[in-house]
Structure formats: C-alpha cells, structure tokens
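Right, one structure below, let's go through it.
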Amino acid sequence: MAFSVARRAAAVPYLLVNGTYRKSTRSYIDSSILQYQLRRLNTHGSLKGSHAHSRSTLEVPIFWFIHTDPLLVDKHYQAKALSDMVIVVQSESSSWESHLQCNGKSLLWDLRRPIKPALAAVSEHLAGLLPLQLVYSHAHRTAIEDWIWSVGCNPFSITSQGWQISKFQSDTIARSYIISTLEESIKLINSAMHLLLWERTSILFLWLFHNPIDLGFMLLQLEYGCS
C-alpha cells in the first residue's frame, strides 16, 4: 500500500553529450510520501525494532523495492538515506542510460544490482558520509557540486563501478562516531548534573565523589530512573 501511494511519474529533461536536451518519462518513488506512509502503518509510530535502545546494536531499517520496469527514488537516485530508514529500488535493466556523462559518453547504471548506491545510502545514514562531488562554497554559503573530486573506486564515486569503502572514508566514519559519542556523553553528564541540583547535600554524596565508579553508576541511575 505504501509503495502504491508513493509511486509517481514525471517528465525529466536532461542534457545530452552533443549539447541538446531530451525529455525522459521516469517512474519513481517519492521518498517523503513513502516515509510518511510507512510510519503510519507502524503501530508505534516508529520504525525501530527490539534493539532500538541498545548501546551495542544500531538498527538500520532498509526497504528494498523490486520492480520490473526502471524505477528510481526521487527521480534521480537508486537509493536514498532518510532520517530513520534507507530506501533502495531494483529493476530489471542492467544497462540503463542515466542523466550523467563522462568523457563524451553517457554513464550506464546497473539497475539490477544496486549494491553500490545502497552502500552509499547506508553509509550516509550511519555516519553522514556525502557524495565526493559535494563541496562547500564560501562564496555561495551552501553546498555545490565540483565533479573534479568525484574520484576513486568507492560507492560515492559516480564515475566508477567500485563499491569498496576507502580508508579515508573508514577514518571519516570512525571520527563521526567519536564526535557523536562525545556529544552523547556531554548531554548525559549535563542531564545528570541537572538532576543532582535537586538533591540534598549529604555524607553519602561526599563518599560518592571520592569513588568515581560508584558516582558514574549513580548518575546513570538518575538519568534512566533505575532503582
């Protein structure tokens, strides 16, 4: 039902190698509508599973749609990362002419095996990795496309067929997790300190401050309401 409601068709113009324009009718899934419909179908209003609150497990809901005719996400993508899910589409065509060109030739997409765009979307969802051609323009104060940087043989390189995460991207993912962990720790400590402001000073607190391990356990109890 969610798939049927979110499915759309549109005429998309794109520039050819010879400088002329062509109009292409594309069938696609509107990601915002699909996300809304999937949230409605979920009984708890969330797509999270049984491990949603686990600190050792990170759940990534991936919705993989298979269709006979060429099908995209938001007109131009084979996969897309959203705030609480990843959407991937798969079709029968193994050599589909895309709207991108390189070296005077149109880039062909393998819609039958969308592994590369799926990995890119999951990496964006998990660690905020972005396509290599996106750079920040100080003059425009926004992100622009600079295709000089679309290099390498990884999921984010549009002009290659590789799908292996590079060492640079692995390092970026690790740094992203470190920053996220630090931010979460700061929020946890600030929340616990706010709760401590309402507690009376006693000899027990003096003893806890001299025993950091017991103090940390107590802060977690105050934060999560454990007994």
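None of the figures in this text is laboratory data; all of them are computed from the coordinates on show. This structure is a prediction, so every number in the text was calculated from the model and none was measured. Neighbour counts run over all protein chains shown; Cβ positions are idealised from the backbone, glycine included.
Take every Cα pair under 8 Å whose residues are at least 6 apart in sequence, average their separation, divide by the length of the stretch 2-97, and the relative contact order is 24 percent. First measure r as the distance between the Cβ atoms of Ala10 and Asn103, then evaluate 1/(1 + (r/R0)^6) with R0 = 30 Å and state the FRET efficiency to the nearest 0.05. Working from the Cβ atoms, E equals 0.55.
Restricting to the stretch 22-154, what percent of DSSP beta bridges are antiparallel, rounded to 5? Walk me through the numbers before you get to the answer.
Details: 12 of 19 bridges.
Antiparallel: roughly 65 percent of the beta bridges in the stretch 22-154.
This model, with +1 at the C-beta of Lys and Arg and -1 at the C-beta of Asp and Glu, gives the stretch 2-97 a dipole about its Cα centre of some 240 debye. Ranked by the mean number of other Cβ atoms within 10 Å of their residues, highest first, the peptides 106-113, 74-81 fall in the order 74-81, 106-113. Taking θ as phi - 60° and the Karplus parameters 6.51, -1.76 and 1.60, the scalar couplings of the stretch 110-122 work out to 8, 6, 6, 10, x, 5, 4, x, 5, 5, 5, 5, 5 Hz in sequence order, x denoting glycine and proline. A cut-off of 5 Å between modelled amide H atoms, ignoring neighbours fewer than 5 places along the same chain, links Leu100 with Leu107.
Where both bridge residues fall in the stretch 2-97, DSSP classifies roughly 65% of the beta bridges as antiparallel.
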